[in-house]
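K.L.:
Take this structure, written in C-alpha cells, and hold onto it; I'll ask about it next.
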Amino acid sequence: MTTIHQVAEAAGVSISTVSYALSGKRPVSEKTRRRIEDAVQTLGYEPDAGARMLAGRRTNIFGLTEPLRADTHAPTHMAFVLATAVAARRRGYDILLLTDEQASEGMNRVAASNLVDAILVLDVAPDDERADIARSLRSPTVFIGIPDEADGLTCVDLDFEAAGHLAVDRLADAGHTAVTLLGQTEVSYRKSNFPRRLLRGVQSRTRDRGLSLEWATTGVTTTDASAVRATVGHALDRGERAFIVHAVGDVHEALLETLSARGLSVGDDVSVISAAASFDTSGLPVPIDTIPLVPQQSCELAVDLAVQHLEAPGMPAQIHLIPPEYHSAGSVARSRE
C-alpha cells in the first residue's frame with residue numbers, strides 16, 4: 001500500500017506539504033500541487049477519509065442507519081444490511097453501519113462530521129424521526145421504506161399494497177369468498193411501516209372483490225406458535241380454506257403443521273399464499289405460492305439513487321415503488337366453500 005511518505009518523496013516535498021495539499025488546510029503553490037497530484041495518481045495513493053473530508057472531497061462512504069432493538073428480527077434486517085453493503089461496494093462505496101437504538105443521534109453525528117457522502121435509512125417507522133432530520137440535511141438521504149409523512153423524501157420499497165392486492169386477487173379468482181391473514185407481530189404494526197401497507201392492500205382488495213376478511217397478529221414481539229395454531233383452527237372451523245401469510249418462517253411452519261394435523265392438503269384442500277416473504281420459502285415442508293420481498297432489489301435501487309443525487313444535487317425527491325411479482329408453486333386450490 002502506498003504511503004504518504006512515498007508520495008512526498010516522489011513529489012520532492014515534505015510530508016506536511018502533501019498533507020496540506022490534500023486537506024486544503026494551508027495554501028500550496030499550483031506547481032507544487034500538480035506535482036503532488038501527479039505522484040498521487042502515479043502511485044495510486046488513497047488519502048484517508050479525514051483528509052478527503054477536509055478538502056471537501058467525497059469520502060466514498062455511505063452511512064447506513066439501522067437501529068438494532070430488542071425486538072429486531074435479525075435475519076430479515078441483516079439481509080437488508082448485507083444487500084446494501086454489496087450494492088454500495090459494486091459502486092465503489094463502503095458502508096458505515098449506525099446501529100444506535102436512538103437512530104437520530106447516529107444520523108445527526110455522521111451528518112455533522114461530513115464523514116459520509118450520503119445516508120441510507122433502514123427499519124423505517126411510520127412516524128420516523130429521521131424523516132425530519134433528512135429534510136434538513138445537505139447530504140443525500142434515501143429511505144428503504146416509507147414513513148407516513150414522506151413529503152420531500154426519496155424512498156424506495158416494494159409496493160406492499162399492490163402485493164396485498166395480488167394475493168387477494170389470486171384467491172378470489174380461485175373462487176374463495178373468505179380469507180384469513182396471518183400478519184406480523186403486534187410490535188411490528190406499531191414500529192414498522194410495511195405491515196400496515198400490506199394490510200391496507202388486503203383490506204381494500206377484499207372489500208373490492210366482496211370477500212370477508214379475518215386477520216390476526218402472530219405474537220406480541222416474537223412469534224406465538226400457539227396463537228397462530230388457534231387462529232388457523234378457528235378459520236378452519238368456520239369452513240374457511242384460504243390463507244395469506246405476511247410473517248416470518250416459523251409462522252408459516254405453524255400454519256402448515258396445523259393444516260397437516262387436520263389432514264388437509266395445501267393446493268388441494270386449502271390455499272396458502274406467502275406475501276412479501278423476505279426469506280427463501282423453498283425450505284418449507286410444502287411448496288407455497290410466494291410474492292417475494294427481495295432485499296437486493298430495493299437496496300440496489302436505493303444505492304443507485306444516492307449516487308444519482310450526489311451527481312445531480314437538484315434531483316427532486318420521489319417515492320419509488322417496486323412492483324410485486326407472483327411466483328406460483330401450486331398452493332392455491334379451487335374453492336370448495
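FYI, it's all coordinate maths here, none of it is from the lab. As the structure is a prediction and not an experimental result, all values here were calculated from the model. Backbone-built Cβ (ideal geometry, glycine too); neighbour counts: all protein chains shown.
K.L.:
Calculate for the chain the 222 nm mean residue ellipticity that helices alone would give, adding -39,500 (n - 2.57) per DSSP H run of length 4 or more and normalising by residue count, nearest 500 deg cm²/dmol.
P.N.:
Values: 13 runs with 151 residues, N = 337.
Using -39500 (n - 2.57) per qualifying helix, the result is -14000 deg cm²/dmol.
K.L.:
Quick one: net charge of Ser260's neighbours, Cβ under 14 Å, K/R +1, D/E -1? Can you show the working numbers first?
P.N.:
Values: positive: Arg229, Arg262; negative: Glu253, Glu257, Asp268, Asp269.
Overall, the nearby charge balance is -2.
K.L.:
Helix 160-173 against the longest principal axis of the chain: what's the angle in degrees, Cα atoms only, rounded to the nearest 10?
P.N.:
Roughly 30 degrees between the two axes.
K.L.:
For Phe194, Phe243, what ranking results if the residue with the fewest other Cβ atoms within 10 Å of its Cβ goes first? Please report the intermediate quantities before stating the final value.
P.N.:
Details: Phe194 23, Phe243 28.
Starting with the residue having the fewest Cβ neighbours, the order is Phe194, Phe243.
K.L.:
Further question on the same structure: Once amide H atoms are placed 1.01 Å from N in the peptide plane, what residues at a sequence separation of 5 or more from Ala277, or on another chain, have their amide H within under 5 Å of its amide H?
P.N.:
HN-HN under 5 Å from Ala277: Ile291, Leu293.
K.L.:
How large is log10 I(q)/I(0) at q = 0.12, 0.14, 0.19 Å⁻¹ when the Debye formula is applied to the Cα atoms of the range 160-292, each weighted equally and without solvent?
P.N.:
For the range 160-292, the Cα-only Debye profile gives -0.39, -0.54, -1.07.
K.L.:
Angle check, please: helix 249-261 long axis (alpha carbons) against the longest principal axis of the chain (alpha carbons), in degrees 0 to 90, nearest 10.
P.N.:
So the helix axis and the longest Cα principal axis differ by about 20 degrees.
K.L.:
I want the local charge near Phe80. Using Cβ-Cβ distances under 13 Å, sum +1 for each Lys or Arg and -1 for each Asp or Glu among the other residues. Numbers along the way, then the final one.
P.N.:
Working: positive: none; negative: Glu66, Asp123, Asp157, Glu300.
After counting each charged neighbour, the total is -4.
K.L.:
Going by average Cβ density within 10 Å per residue, which order do the peptides 260-267, 115-122, 231-238 take, highest to lowest?
P.N.:
Working: 260-267: 13.9, 115-122: 23.9, 231-238: 17.1.
Highest-to-lowest ranking by the protection proxy: 115-122, 231-238, 260-267.
K.L.:
If you average over every viewing direction, what projected area does the convex hull of the Cα atoms of the range 55-141 give, in nm²?
P.N.:
Working: hull surface 22.8 nm².
In nm², the orientation-averaged hull projection of the range 55-141 is 5.7.
K.L.:
Which far-off residues, 5 or more places away or on another chain, put their amide H under 5 Å from the one on Leu96, with H placed in the peptide plane?
P.N.:
Those lying under 5 Å, H to H, from Leu96 are Phe62, Gly63, Leu64.
K.L.:
Based on the Cα atoms of the range 232-324, what semi-axes does the equivalent ellipsoid have, where each is the square root of 5 times one gyration tensor eigenvalue, given in whole Å with the largest first? If you can, show how the numbers build up before the last one.
P.N.:
Values: eigenvalues 313, 32, 16 Å².
Result for the range 232-324: semi-axes of 40, 13, 9 Å.
K.L.:
A further question on this structure: Counting Lys +1, Arg +1, Asp -1, Glu -1, what net charge surrounds Gly145 among other residues with beta carbon under 9 Å of its beta carbon? Working shown, then result.
P.N.:
Working: positive: none; negative: Asp123, Asp128, Asp157.
Once all neighbours under 9 Å are counted, the net charge is -3.
K.L.:
To continue, here is another question. If amide H atoms are built 1.01 Å from N in the plane of the peptide, which residues on other chains or at least 5 residues away come under 5 Å of the amide H of Val270?
P.N.:
Ser265
K.L.:
In whole Hz, with x marking every Gly and Pro, tabulate ³J(HN,Hα) for the range 230-240 from phi via Karplus 6.51 cos²θ - 1.76 cosθ + 1.60, θ = phi - 60°.
P.N.:
Taking θ as phi minus 60°, the curve returns 5, 4, 5, x, 5, 5, 5, 5, 7, x, 7 Hz for the range 230-240.
K.L.:
Quick one: give the max-minus-min coordinate of the C-alpha atoms of the range 277-321 along each principal axis, largest first, in Å.
P.N.:
Between the extreme Cα coordinates on each principal axis of the range 277-321 lie 50, 15, 8 Å.
K.L.:
Compute the helix-to-body angle for 74-90: its Cα long axis versus the longest principal axis of the chain, expressed 0 to 90° and rounded to tens.
P.N.:
Tilt relative to the chain: about 40 degrees.
K.L.:
Let me ask another. Report, in debye and to the nearest 20, how large the dipole of the chain comes out about its Cα centre when Lys and Arg carry +1 and Asp and Glu carry -1 on their Cβ.
P.N.:
On the way: 32 positive and 44 negative charges, 198 e Å.
Using Cβ point charges on Lys, Arg, Asp and Glu, the chain gives about 960 debye.
K.L.:
For the chain, just the Cα atoms, rotate onto the principal axes and tell me the three extents in Å, largest first.
P.N.:
86, 36, 33
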